[in-house]
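All remarks here apply to the structure that follows.
Just so it is clear, none of the values below were taken in a lab; they were calculated from the coordinates. None of these values were measured; they are calculated from a predicted model. All Cβ positions, even for glycine, are placed from backbone atoms using ideal geometry, and neighbour counts span all protein chains on display.
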Amino acid sequence: MAILETRNLKKYYGRVRALDDVSIDVDAGELLAVIGPSGSGKTTFLRSIAGFVKLDAGHVYIEGKDITELPPEKRDVSMFFQNYALWPHMTVFDNVAYGLKLRKMPKEEIEKRVHDVLKLLDIEELVDRKPSQLSGGQQQRVALARAIVVKPKVLLLDEPLSNLDAKIRLRIRFEIKALQQKLNLPTVYVTHDQEEALSIADKVAVMHEGKVLQLGTPEEVYKSPVNFFVADFIGTNCVLTLKVLDGRVKIGNKIFEVSSKETARMVVRSDEAEVLEARAEPGKDGLRIPGEIKGKLYMGSKYRYEIRIEESEDALFVNSGESFKIGEKITVFVPDGSYFVY
């Protein structure tokens, strides 16, 4: 059952369409990740659900109730802000209790809820500290505690891990997903980090210029992109421009029929490609592109190669654990399902 429904949301800033007919459902316990480049509309979408953006058209429903005209404090949603927005003069307890006090809850209930959520997030020992005495990861947990302590019907997360270093982000991904599932909270999670989105989401929405270009499971969005933009945006890719002759393009051992008249574009998942010796047979189906090593960088566990091919002026950039010499003839092997032609 959809707890959150958005229907035909539109928001314009002059000629800019920040939201252009956006309709998405989020079920109970489901985590929707919204990704896209800067200016794609993802944060506007989040803020429109929270009530911080006045829509030009469309409706937002929670549990079937139209909340479009309600102020933020009446919507029964919690929003986690990118900068955490903790009160610097307040203790952890008071920061987390703030929303409960605004709701005029009894003191005993406030104390119980705050201590319960601090225990859930394993930060009970921080209860009397102020934000300046906390690490970035600790501040992140306090902000998350404040968001969930009010028991919202929908949780909104705006770039929740962007201020943390890479190692902490990897660990906290697991923690956020486990917590969200434990609380059975429908969650909208905005991030610019594609790997983060794919790893924790139940559904992914790819936005561009105010539109949702594709909505599906992480596997669907990654393996079956609906257009060139989605294919190029998701994953680590190289784009090759190919010449069209008689409605076809030829590259390596493959020929593709295309609707383009002059050029077509191939998106190659470069992290799934392999660099092989020129005459090597990979023993599985895929695209085999003869090429020549033009550049080589040592990356520690792997080398990064710049590879020139006959069919395109664009280079392929592929990592490999094997060492090849500059000028050496090689074959780039790309498994079926790891390249797309548009």
query = Assuming R0 = 35 Å, what is the FRET efficiency of residue 302 and residue 245, from their Cβ-Cβ distance, to the nearest 0.05?
reply = 0.45
message = Could you sort the peptides 56-69, 178-191, 214-227 by per-residue average Cβ neighbour count (10 Å cutoff), highest mean leading?
response = 178-191, 214-227, 56-69
query = What is the extension gain from residue 61 to residue 73, computed as 0.36 nm multiplied by their sequence separation minus the C-alpha to C-alpha distance, in nm to one decimal?
reply = 2.8 nm
query = Long-range amide H contacts for residue 30: which residues qualify at under 5 Å (H placed 1.01 Å from N, peptide plane, sequence gap of 5 or more or a different chain)?
reply = 187
remark   = Along region 249-261, Karplus-curve 3J(HN,Hα) (6.51, -1.76, 1.60; θ = phi - 60°) to the nearest Hz, with x for Gly and Pro, reads 10, 10, 9, x, 8, 10, 10, 10, 7, 9, 8, 5, 8
key: Links that overshoot a 20 Å alpha carbon limit, given the list 119/177; 167/296; 104/151; 54/151; 42/211   = 167/296; 54/151
query = Of the residues 31, 242, 102, which exhibits the maximal mean-square fluctuation in a Gaussian network model of the chain defined by a 10 Å Cα contact cut-off?
reply = 102
inquiry  = From the phi angles alone, apply the Karplus equation (6.51, -1.76, 1.60; θ = phi - 60°) to region 288-295 and give each ³J(HN,Hα) in whole Hz, x where the residue is Gly or Pro.
reply    = 10, 10, x, x, 9, 6, 10, x
remark   = In the list (1) 67, 46, 31; (2) 53, 50, 42; (3) 75, 45, 35, the entry giving Cα extents along the principal axes in Å computed from the coordinates is (3)
key: Hz values of 3J(HN,Hα) by residue in region 311-319 - Karplus curve (6.51, -1.76, 1.60), Gly and Pro given as x   = 7, 8, 7, 7, 8, 9, 10, 9, 8
